[in-house]
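To start, the structure itself, in structure tokens.
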């Protein structure tokens, strides 16, 4: 252990240090145990503190350090997130004091007890979360309470409006700003990267801000990043959309519904995903991005997020109610969620599928093409000049003519073409069929886990390349899919997971589960 020393500091202040620690959407401060202020103020590890300097302030969770190599007793160390939020240079003098506990925790405690909360309660809770007054433990308490005791539809509206009001809101000054969103849970479902260029080529405004993956093998932003820069500042995003009628960017730099990003960082790893929180998350983000017309895709299948038609219908009604209350034109479609969409699971593989569809390649995944055309057709029918039922044919013409590919290439150039080349992971293993028969089930969750264990999305060339889909006939020993990984440890983890459950079931054709599809 490094020798402890006592350094002289200006009374009541400490020197700021940037520690280069990634705490993912949580402000964390670090004090030495021998720091005079730490001992005088009676701080405790994991308590909330307020850090101030030059009229700026942030709230942070305190960690206590015993090693001078990390921070000395004269220093206050900050994580990357906290240092960026405070916005000061190293060596500046800062003060630190106890943070007042958030009063809105009283409302959270009432929710834990099963009470119905008011609009004011949700406004206070979301405001305090955005100001970083909540620790991750306190955020988890709110998420679990509002998920387990369930929110009624008015509470979902209250939560949505509160999340909307605390962030930036884009205004495109147009009467029709289109968007589409899938609730997730289906690997390879990269329809947005096809819908956006089709709709933009028609002339409609469709500024698409998407998320990165947290628990899935790839998000739209991760996949688009194979082709182009997705981290656009607000000015660049505005300029691109104004000129080209679209973008495909990561939403994290835009501060749209910032409380949602903070809660997701707690929600996803814990597997908390209540219907009410999902609706509030999606609609607050879309309205913040300036959308006026929104298409929601709800896949239904045995291993999808929504597994039964009754649950899909309840979710549809909740979306429609809240959409009406916040003033967005919203339509919901229920799609086939029995299996992954396309052939690839993982950023490089999914970008390959998207480009094959745009290029009208004979090797393209037809299911990705057809689903994207149907979704794009529904979005095009938001245009009052497009007659109902004609959207699909218009979308197909835009794709077949090459106009969608041209638009995608335009967006890639405008956002900045990706300079780095991402190759598929060189470690490969093919999983073969254990018997003759028909593919009667593909487990979405298991295939997604295998791809993540292989390294996706952090390693963009990692993932799973599918050779067989539902209804395909296979012979014993015939490959079902191939795993790609970059690192041996990840490769071995993925293989071990496959040995437990390869995600495929081989049987007879009459065993294939029924599809629930509305178009």
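The values are calculated or read from the model by the stated rules, or taken from the named source; none is laboratory data. Since we're looking at a predicted model, the values are computed, not measured. Counting neighbours? That spans all protein chains shown, and the Cβs are built from the backbone with ideal geometry, glycine included.
Screening residue 104 with (1) within 23 Å of residue 134 (Cβ to Cβ); (2) at pLDDT below 95 gives one miss only, at (2).
The set of residues from segment 265-297 being more than 30 Å from residue 377 (Cα to Cα) and either surrounded by 19 or more Cβ atoms within 10 Å (Cβ to Cβ) or touching a strand residue (DSSP E or B) at 6+ places or on another chain (Cβ under 9 Å) (or both) comprises 266, 267. One residue stands out among those in segment 1-25 that are part of a loop (DSSP other than H, G, I, E, B) and crowded, with 18+ Cβ neighbours inside 10 Å: the one that is modelled with the highest pLDDT, which is 19. Screening segment 233-263 for residues that are modelled with pLDDT under 90 and outside any helix (DSSP H, G or I) and picking the one that is surrounded by the most Cβ atoms within 10 Å (Cβ to Cβ) gives 257. Can we say residue 48 is within 30 Å of the chain's Cα centre (by Cα), closer than 26 Å to residue 16 by Cα and not assigned by TED's automatic domain parsing to the domain that holds residue 30? No: the conditions fail for residue 48. Using the structure shown, decide if residue 308 is surrounded by fewer than 24 Cβ atoms within 10 Å (Cβ to Cβ), at pLDDT 90 or above, over 21 Å from residue 153 (Cβ atoms) and in contact with a strand residue (DSSP E or B) (Cβ under 8 Å, 6 or more places away or on another chain). Judged against the criteria, residue 308 is not a match.
Every listed requirement among (1) touching a helix residue (DSSP H, G or I) at 6+ places or on another chain (Cβ under 8 Å); (2) buried (at least 17 other Cβ atoms within 10 Å of the Cβ) is met by residue 97 save one, (2). Tallying residues that are outside any strand (DSSP E or B), at positive phi and crowded, with 18+ Cβ neighbours inside 10 Å within segment 451-485 yields 1.
Conditions tested, residue by residue: (1) more than 26 Å from the chain's Cα centre (by Cα); (2) under 16 Å from residue 206 (Cβ atoms).
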{"position": "356", "(1), (2)": "no, no"}
{"position": "365", "(1), (2)": "no, no"}
{"position": "376", "(1), (2)": "no, yes"}
{"position": "383", "(1), (2)": "yes, yes"}
{"position": "389", "(1), (2)": "yes, no"}
{"position": "401", "(1), (2)": "yes, no"}
{"position": "414", "(1), (2)": "no, yes"}
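The number of residues in segment 486-519 being touching a residue at least 24 places away in the same chain (Cβ under 8 Å) and not in a helix (DSSP H, G or I) comes to 17. Only a single item in (1) under 30 Å from residue 198 (Cβ atoms); (2) part of a loop (DSSP other than H, G, I, E, B); (3) modelled with pLDDT of 95 or more is not met by residue 435, and it is number (1). The residue that is nearest to residue 483 (Cα to Cα), among those in segment 428-439 that are in contact with a helix residue (DSSP H, G or I) (Cβ under 7 Å, 6 or more places away or on another chain) and crowded, with 18+ Cβ neighbours inside 10 Å, is 431.
Could you please find all residues in segment 116-126 being free of Cβ contacts under 8 Å to residues at least 40 places away in the same chain and within 23 Å of the chain's Cα centre (by Cα)?
Within segment 116-126, just 125 meets the criteria.
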